[in-house]
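Worksheet: the structure to be examined is printed underneath.
The values are calculated or read from the model by the stated rules, or taken from the named source; none is laboratory data. Just so it is clear, the structure is predicted and the values come from calculations on it, not from any experiment. Glycine also receives a Cβ, built like all others from the backbone with ideal geometry; neighbour counts cover every protein chain displayed. Side chains are part of the model used for accessible areas, which takes the heavy atoms of the whole protein and leaves out ligands, DNA and RNA. Shrake-Rupley method; radii C 1.70, N 1.55, O 1.52, S 1.80 Å.
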Amino acid sequence: MVRVSQTATIITVAYAVAVVIGGAVALAVWRSTTRPLDEDRTPAWSRRESTWLVVVVLALFALLMGTIFYTPYGESAGPRKQVVRVTGVQFAWAVDAPDGIVTGRPVEFLVTSTDVNHGFGVYDPSGTLLFQAQVVPGRTQKLVHTFAKPGAYTVLCLEFCGVKHHLMKTSFEVRPA
Ligand SMILES: [Cu+2]
């Protein structure tokens, strides 16, 4: 059985909803062009419009409530967090994890840059990109991630930041809890 990620499920549901809405709109347009224009039906259209407004607002609200809790932005690492400070500079990364990093506990990455824009990209031991964030000078980006597997994770710069951009590579170790 294939394990489907939550993100994949949300995207699939969102596309399915979009297809249904798109189909309904296309059908309505087709029907409106094939039907002859009859007497003034303004009151009926007005009522229909109000009904549709309520339907659309309720549908959008339901979608919002169904998805907003999966949005990772602003995610808090909680009291058991491990704080890791990361600084990007032309052309290196400094990863400061004084107590090391262990699996199973949320890691709060506080990422900043001292010169230009960089892209903080973290790859798991098999080379799959886990997450990435734009890093701009003078601001601290907060990213929360909980590592499930121990191993050596690689950090690459994903924003072209100068001639030696490709040298912006480092790694950190995640120990088993
Ligand atoms: Cu860079």
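List of remarks:
- Within the accessible area of the stretch 1-117 (1.4 Å probe), percent carbon and sulfur: 67 percent
- Antiparallel bridge percentage (DSSP; both residues within the chain; nearest 5): 75 percent
- Per residue, in Å², the accessible surface of the stretch 82-175 once ligands and nucleic acids are set aside, probe 1.4 Å: 51 Å²
- Calculated FRET value between Ser5 and Arg35, using beta carbons and R₀ = 45 Å, to 0.05: 0.50
- DSSP-defined antiparallel bridges as percent of all bridges, the stretch 97-153, nearest 5: 90 percent
- Count Lys and Arg as plus one, Asp and Glu as minus one, and take only other residues whose Cβ is under 12 Å from that of Ala92; the net charge is then +1.
- Crossing angle, helix 6-34 versus the chain [Cα axis fit, 0-90 degrees, rounded to tens]: 20 degrees
- Annotation: the antiparallel percentage among DSSP beta bridges lying fully within the stretch 82-177 is about 75.
- Seen against the Cα atoms of the chain and their longest principal axis, helix 42-67 is set at about 20 degrees.
- Within the chain, longest stretch free of exposed trypsin sites (Lys or Arg not before Pro) [DSSP loop, at most 12 other beta carbons within 10 Å]: 81-138
- Highest-first arrangement of 88-94, 56-62, where packing means the average Cβ count within 10 Å: 88-94, 56-62
- Between Val155, Val55, Val86, the residue with the greatest mean-square fluctuation in the GNM of the chain (Cα pairs under 10 Å linked by springs) is Val55.
- 5 Å-binned pair-distance histogram of the stretch 6-70 (Cα, whole percent): 3, 13, 15, 22, 16, 11, 8, 6, 3, 1, 0
- Nonlocal amide H pairs with Arg105, under 5 Å, H built at 1.01 Å: Phe147
- Other-chain or far-sequence residues with amide H under 5 Å of Val116's (modelled H): Gln90
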